[in-house]
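Undergrad: Please see the structure below; I have some questions.
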Amino acid sequence: MSARLAPVDMTAFSPGRCARLIVKVGSALLVDPDGQVRRDWLKGLVADIAGRVRAGQQVAVVSSGAIALGARRLKLPKGGRASLEDAQAAAATGQIALSGVWAELLHGEGLTAAQILVTLDDLEDRRRYLNVSATLDRLLKLGVLPVINENDSVATEEIRFGDNDRLAARVASAAGADGVILLSDVDGLYDRNPTTHPDAVMIPVVEKLDARIESMADRGSASGMGSGGMVSKIEAARIATSAGAHLAIATGRIDHPLQALATTGHGTIFVASQGARARKAWLRGGLTAKGTIHIDAGAVEALRQGRSLLSAGATRVEGRFARGDLVVIAGPDGTQLARGLAEYDHVDAHRITGRRSEDLGTILGYAPRSALVHRSHMALL
């Protein structure tokens with residue numbers, strides 16, 4: 001397929017231009033038909049990732065492969081997907097082996113790996129979403145490389161993403177990432193299935209997701225290992241682009257796939273909607289605020305400079321809200337300046353109003369969070 005591809009203009013999206021990048025790796029790329037990790041290929045990908053980190057980029061990986069790896073070790077039929085119980089057993093067996101390989105290879109490049117396992121509920125519940133977001137943010141700022149997967153060993157059918165394409169897009173939103181790359185056994189979106197239509201044409205750039213684009217999706221997974229097809233990738237693109245992140249679909253069937261994508265542009269790029277503004281658009285309207293945090297003039301200026309709201313800048317708190325609830329931030333004259341998700345409930349917010357950050361631990365009796373409302377979860381009005 002790739003022989004017919006023309007290079008894509010990567011000015012709209014490039015792995016090297018994103019401050020934060022999420023890389024999703026499909027099962028068929030990580031695990032060979034005999035149930036073994038494709039170490040040589042993965043070592044090349046890890047070298048690509050390490051190069052981006054050394055260049056100053058923050059990278060997280062969403063890694064499939066646990067079920068595929070565990071199913072073959074347990075000799076389960078249908079790749080471990082014959083039943084939910086088989087998938088859970090395969091995931092539990094394969095995840096420990098998979099994370100060990102990632103940690104080993106990343107360590108060989110001087111990188112520290114962290115493992116995060118999440119369910120759909122973790123990113124649907126606002127409080128748990130904040131926890132995931134804060135953990136990702138801290139790990140990335142520390143230079144740690146998070147390796148993320150769905151927690152298939154405990155997730156039920158009702159609380160599963162079902163594929164890591166959509167998980168990668170949701171992780172990108174939680175991490176405040178600028179871009180997502182889906183490395184897969186397909187190399188992009190075609191106007192028809194290229195397996196059955198040799199004259200199919202790749203779509204290099206998608207600026208708007210509409211019914212025409214959706215009609216091009218094929219539901220199958222080429223390898224039979226993964227749970228995602230082109231439908232899941234288009235759904236992932238919708239999630240990512242609406243959150244302000246570009247998304248690229250590219251082949252992983254080559255050595256050093258990130259390097260190849262950056263230099264050749266082979267793949268399909270879905271361009272983010274309205275840039276970073278779309279990530280916070282839902283905060284500006286449609287939700288009922290549970291309270292108001294009033295701030296002083298100094299904090300007003302800090303917010304306008306793109307900073308988080310610290311406790312020292314707050315003057316009083318109104319309403320009853322829990323951590324993760326939407327609150328309004330108002331200036332000295334009562335004018336609404338911003339909306340955001342509270343990092344503290346109303347009781348603790350009241351206790352630390354006007355207090356310096358270094359005093360919070362003593363006041364609260366536990367390790368404080370960095371802000372009353374973090375800038376990543378705040379939208380100016």
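Computed from the coordinates by the stated procedures, all read-outs in this text should not be read as laboratory data. These numbers were taken from a predicted model, which means no experiment stands behind them. Please note: Cβ atoms are built from the backbone with ideal geometry, for glycine as well, and neighbour counts cover all protein chains shown.
Undergrad: Sorted from largest down, give the three principal axis spans of the alpha carbons of the chain, whole angstrom values.
TA: Sorted from largest, the Cα extents of the chain read 66, 41, 39 Å.
Undergrad: Still on this model: So what's the angle, to the nearest 10 degrees on a 0 to 90 scale, between helix 39-54 and the longest Cα principal axis of the chain?
TA: Value to nearest ten degrees: 30.
Undergrad: Taking the Cα centre of segment 285-380 as origin, sum charge times position over the Cβ atoms of Lys and Arg (+1) and Asp and Glu (-1), and report the length of that vector in debye to the nearest 20.
TA: With Lys and Arg at +1 and Asp and Glu at -1, about 140 debye.
Undergrad: Compute the angle between helix 164-175 and the longest alpha-carbon principal axis of the chain, please, reported from 0 to 90 degrees and rounded to the nearest 10.
TA: Here the helix axis deviates by roughly 30 degrees.
Undergrad: Compute the Kirkwood hydrodynamic radius of segment 323-381, taking the inverse of the mean of 1/r over all pairs of distinct Cα atoms, and give it in Å to one decimal.
TA: Kirkwood radius, segment 323-381: 12.1 Å.
Undergrad: Can you tell me the 0 to 90 degree angle between the C-alpha axis of helix 84-108 and the longest principal axis of the chain, rounded to 10?
TA: Once rounded, the angle reads 80 degrees.
Undergrad: Work out the charge dipole of the chain with +1 on the Cβ of Lys and Arg and -1 on the Cβ of Asp and Glu about the Cα centre, then indicate which of Ile213, Leu167, Val132 is farthest towards its positive end.
TA: The one lying farthest along the dipole's positive direction is Val132.
Undergrad: For every helix of n ≥ 4 consecutive DSSP H residues, a contribution of -39,500 (n - 2.57) applies; sum these over the chain, divide by its total residues, and give [θ] at 222 nm rounded to the nearest 500 deg cm²/dmol.
TA: -10500 deg cm²/dmol
Undergrad: Now, a different point. If the only charges are +1 at each Lys and Arg Cβ and -1 at each Asp and Glu Cβ, what is the size of the charge dipole of the chain around the Cα centre, to the nearest 20 debye?
TA: Dipole about the Cα centre, nearest 20: 680 debye.
Undergrad: From the phi angles alone, apply the Karplus equation (6.51, -1.76, 1.60; θ = phi - 60°) to segment 243-256 and give each ³J(HN,Hα) in whole Hz, x where the residue is Gly or Pro.
TA: Once θ is set to phi - 60°, the couplings for segment 243-256 become 9, x, 10, 5, 9, 10, 9, 9, 6, x, 7, 9, 6, 6 Hz.
Undergrad: Which of the residue pairs Lys43/Lys233; Lys24/Lys75; Lys43/Lys280; Lys43/Lys141; Lys233/Lys280; Lys141/Lys280 have a Cα-Cα distance greater than 29 Å in the structure shown?
TA: Lys43/Lys280
Undergrad: Towards the positive end of the charge dipole of segment 12-279, with charges on Cβ (+1 Lys, Arg; -1 Asp, Glu), say which of Val144, Ile254, Ser242 has the farthest Cα.
TA: Val144
Undergrad: Once Rh is set to the Kirkwood radius over Cα pairs, what Stokes-Einstein translational diffusion coefficient, in µm²/s, holds for segment 7-151 at a temperature of 4 °C and a viscosity of 1.567 mPa s?
TA: After rounding, the answer is 80 µm²/s.
Undergrad: Next up: What order do you get for Asp165, Asp296 when you list them from fewest to most C-beta neighbours inside 10 Å?
TA: Fewest-to-most ranking of Asp165, Asp296: Asp296, Asp165.
Undergrad: Now a separate question. How would segment 95-169 be classified by its alpha-carbon gyration tensor: rounded, prolate or oblate, with rounded meaning a/c under 1.5 and the a/b versus b/c comparison settling the rest?
TA: oblate
Undergrad: If you don't mind, there's one more thing I want to ask. Would you mind checking which residues have amide H under 5 Å from Gln115's amide H? H placed 1.01 Å from N; only 5 or more apart, or other chain.
TA: Placed amide hydrogens put Val147 under 5 Å from Gln115.
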